[in-house]
1. Taking the criterion of being assigned to a helix (DSSP H, G or I), open to solvent by 50 Å² or more (accessible area, probe 1.4 Å), touching a helix residue (DSSP H, G or I) at 6+ places or on another chain (Cβ under 8 Å) and modelled with pLDDT of 80 or more, would at least one residue in the range 110-119 satisfy it?
2. Can you find a residue that is modelled with pLDDT of 85 or more, closer than 22 Å to Phe15 by Cβ, in a loop (DSSP other than H, G, I, E, B) and open to solvent by less than 30 Å² (accessible area, probe 1.4 Å) anywhere in the range 140-155?
3. With open to solvent by 70 Å² or more (accessible area, probe 1.4 Å) and at pLDDT 95 or above as the only criterion, which of Lys61, Lys4, Lys32, Lys50 stands out?
4. Out of contact with any Lys or Arg (no Cβ under 7 Å at 6 or more places or on another chain), surrounded by 17 or more Cβ atoms within 10 Å (Cβ to Cβ), more than 21 Å from Leu124 (Cβ to Cβ) and touching a residue at least 24 places away in the same chain (Cβ under 8 Å) - does that describe any residue in the range 15-25?
Amino acid sequence: WHDKDPEWMSELIKFCNEKKFNVTIKIHPMYKFGTNYDFSEKMINEIKQKCGKMNYLISYKLDLTDTIPKSAILITEYSIVAVEAIFNKVPVITFNFNRDKDNEYSKVYQEEKIAMNAENIKELFDNITKLIHSKEIQNKFKKQSIKFNLDFNYLNDGKAAERIVNILNKRNS
C-alpha cells in the first residue's frame, strides 16, 4: 500500500463500473497480520467510502494461480506476479502512480515489450481501453508473451523465475 492508493484505486473502480468491467484488487499477503493488517483495513475502508456499493472485489485470499489465467488484464506496480500473467498470456499494465525509485522493474517489462506503462490515471484508463478493444494490441501482447515464455521459461526446469529475477537484478545494478 501507498498513501495515494485509495485515491487511484477508487478512480479505477469507478471507471471499471462505468465500462462494465469487473475489477479485483488482490492485497499483498504481508498485510494479513498485525499492524500491517490494521493499516490495510484503513486503506480498504477509504476505498469503500469512496466507492459505496459499486461492483468490485478486494481480497487477501485470492489464489493467483487460479485468478490470473481468468483475467483480461493485470495491473501492477512492478510485482513478479506480472511474469506469471505474461506466462498465461494476460496483458500487463505497470502503473507507476507513486513514482517510487524502486520501480525500476517496470522499466524491464517495457524493455522486454511485455507490458504497457502508465504514470497517471488517464494513461491507465487509456491503456485499459486499448487492451480491451484493440485486437491488434491484444495480438501484439500475445506474441510478446509467447516470445517471453520461450526466452525465459523454455527449459521448464523450475528455474524460470530465478532466470527472470537475475535479468531484473542485472538491469537494475
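The values are calculated or read from the model by the stated rules, or taken from the named source; none is laboratory data. Every value quoted in this text rests on a predicted model; they were computed, and no experiment measured them. In this analysis, Cβ positions are derived from the backbone assuming ideal geometry, glycine residues included, and neighbour counts consider all displayed protein chains. These area figures cover heavy atoms from the full protein model, side chains too; ligands, DNA and RNA do not enter into them. Shrake-Rupley method; radii C 1.70, N 1.55, O 1.52, S 1.80 Å.
1. Checking the range 110-119: not a single residue is assigned to a helix (DSSP H, G or I), open to solvent by 50 Å² or more (accessible area, probe 1.4 Å), touching a helix residue (DSSP H, G or I) at 6+ places or on another chain (Cβ under 8 Å) and modelled with pLDDT of 80 or more.
2. So far as the range 140-155 goes, no, none of its residues is modelled with pLDDT of 85 or more, closer than 22 Å to Phe15 by Cβ, in a loop (DSSP other than H, G, I, E, B) and open to solvent by less than 30 Å² (accessible area, probe 1.4 Å).
3. Only one candidate qualifies: Lys50.
4. Checked against the condition, which is being out of contact with any Lys or Arg (no Cβ under 7 Å at 6 or more places or on another chain), surrounded by 17 or more Cβ atoms within 10 Å (Cβ to Cβ), more than 21 Å from Leu124 (Cβ to Cβ) and touching a residue at least 24 places away in the same chain (Cβ under 8 Å), the range 15-25 yields no hits at all.
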